[in-house]
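Q: Okay, here's the structure, questions in a sec.
The values are calculated or read from the model by the stated rules, or taken from the named source; none is laboratory data. Values in this document were obtained by computation on a predicted structure and should not be read as measured data. Quick reminder, even Gly has a Cβ in these numbers, built from the backbone with ideal geometry, and neighbours come from all protein chains shown. Quick note on the areas: whole protein, heavy atoms, side chains included, nothing else; ligands and nucleic acids left out. Shrake-Rupley method; radii C 1.70, N 1.55, O 1.52, S 1.80 Å.
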Amino acid sequence: MSSLLVHNIGELVTNGIGADPLGIRRKAAVLVEEDRVAWVGPAAYAPAADHRIDVGGAAVLPGFVDSHAHLVFAGDRAAEFAARMAGEPYTGGGIRTTVGATRAATDDELRATVRRLRGEALHQGTTTMEIKSGYGLSVADEARSLRIAAETSPETTFLGAHVVPAEYADRPDDYVGLVCGPMLAAAAPYAKWIDVFCERGAFDVDHARAILACGQAVGLGVRLHANQLGPGPGVQLGVELGAASVDHCTHLSDADVEALAGTAHSDGFGTRTVATLLPGAEFSTRSPYPDARRLLDAGVTVALATDCNPGSSYTSSMPFCIALAVREMRMTPAEAVWAATAGGARALRRDDIGVLTPGARADLIVLDAPSHLHLAYRPGVPLIRQVIRNGVPQ
Ligand SMILES: [Zn+2]
């Protein structure tokens, strides 16, 4: 068995149990055996290893867990972005533009885009990335989107209910029947999760409930896009169905926050349904940010993710989302870093990632900085010096 010692760490974020939420250790070392963390402790007591990386006093964190991304698409919507920045509102209607381009693309073109964006994210410290379908919206195109996504990530999500495609515009009930029937059957072998865009102009609560229940019946976990563009029933539907995560959460009522807080684990470790906040979307649509402080103060577990997609948030950068969360959403740097690592892992119901404790997957990032604080303190600066994924330096 080959071993690797990451040595001379000035600040190690473990997200393990400790005096602070990030479980920080100073002057530390991490021993990796194969793809797992085997030992964490003071650098002075570090065991011998086959290979050593001396990080020279830098900060080391768990790799980022981006639990919400739409990478399987074709085309570009830069002109739509420019129009929005010139004053046009975001309605979600541009999704159909991407659907047309995606259907026209070859498998290899879609695969190349997924790999390019996944590589871009990896270089920015993302070691786990969820990938959704949702720009195919036909049986064949949703199935191939997920087949291509599954080549790159085990965290794949069937989002056939992204919008109602143009050819079903006047008969949405028929489209819901297609999603729950042949489309789900074709997609499920490649999917771990099912998701619905539950929003005015997309799917109403009855359609969303029906689709998610069909997915649950074939063993898919539930997550959903909820309360992004306005208030609505999405968050409470997610709680009702035991969703792992409700995503966006920009427009919440007191009852929504209470419902999320009510999913608290009896062991005191946060909530069973995570609120995943996607500040890249608010940035790129020039919209008000979600109030992370309100959720955190109510005891709700918060995750941060990119929502990487060609329309409303074309960023693959978790450090950018951390900086936005701190500056615009009243999160502390520590809360934002936790939400981008351990929080994302909770949103995917994973306990082997987002932490650097013995037994965890050896997904580490080395910063070009002495502290995690620099991720928000130095926005826009490429601070990820090295990424180790599954125990392998990238
Ligand atoms: Zn999304």
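Q: Determine how large the accessible area of Lys132 is when every protein chain is in place; take a 1.4 Å probe and give Å² rounded to the nearest 10.
A: My reading of the accessible area for Lys132 is about 0 Å².
Q: Please work out the FRET efficiency for the pair Arg171 and Gln216, using the Cβ-Cβ distance as r and a Förster radius of 25 Å; give the result to the nearest 0.05.
A: Result of the calculation: an efficiency of 0.50.
Q: Using a cut-off of 15 Å between beta-carbons, work out the net charge of the residues near Tyr289 (Lys and Arg +1, Asp and Glu -1, Tyr289 not included).
A: -1
Q: For the chain, give me the percentage of DSSP beta bridges that are antiparallel, rounded to the nearest 5 percent.
A: Antiparallel: roughly 45 percent of the beta bridges in the chain.
Q: Cα axis of helix 205-217 to longest principal axis of the chain: angle in degrees, 0 to 90, nearest 10?
A: The angle comes out near 60 degrees.
Q: Also: Unpartnered cysteines of the chain (Cβ-Cβ under 4.7 Å counts as a partner)?
A: Cysteines lacking a close Cβ partner in the chain: Cys198, Cys249, Cys308, Cys321.
Q: Relative to the longest principal axis of the chain, what angle (0 to 90°, nearest 10) does the C-alpha long axis of helix 107-123 take?
A: For helix 107-123, the angle is close to 40 degrees.
Q: Under 10 Å, Cα contacts only: if you run a Gaussian network model on the chain, which one of Gly343, Gly311, Gly125 comes out with the highest mean-square fluctuation?
A: Looking only at Gly343, Gly311, Gly125, the biggest GNM fluctuation is shown by Gly311.
Q: What is the dipole size for region 191-305, taken about its Cα centre, with +1 at each Lys and Arg Cβ and -1 at each Asp and Glu Cβ, in debye to the nearest 20?
A: About 260 debye.
Q: Counting only protein heavy atoms and a 1.4 Å probe, tell me what percentage of the chain's accessible area is made up of carbon and sulfur.
A: Ligands and nucleic acids excluded, carbon and sulfur give 53 percent.
Q: Enter the accessible area per residue of region 143-257 (Å², integer; probe 1.4 Å; all protein chains in place).
A: On a per-residue basis, region 143-257 sits at 34 Å².
Q: Starting with the highest mean, order 43-51, 236-244, 63-71, 378-386 by the number of other Cβ atoms within 10 Å, averaged over the residues of each peptide.
A: The most tightly packed comes first, giving 63-71, 236-244, 378-386, 43-51.
Q: Continuing with this model, one more query. Can you tell me the orientation of helix 139-150 relative to the chain, as the angle in degrees between its alpha-carbon axis and the longest Cα principal axis, to the nearest 10?
A: 0
Q: If you don't mind, another one. What does the net charge come to around Asn227 if you take all other residues with beta carbon closer than 12 Å to its beta carbon, with K and R at +1 and D and E at -1?
A: Charge balance near Asn227 sits at -3.
Q: Label point 7 Å out from Arg103 along Cα-to-Cβ: which residues of region 166-189 have amide N under 13 Å?
A: Correct set: 166-169.
Q: Hey, another quick one. When you count, for each residue, the other Cβ atoms within 10 Å and take the mean per peptide, how do 104-115, 210-221, 356-367 rank with the highest first?
A: 356-367, 210-221, 104-115
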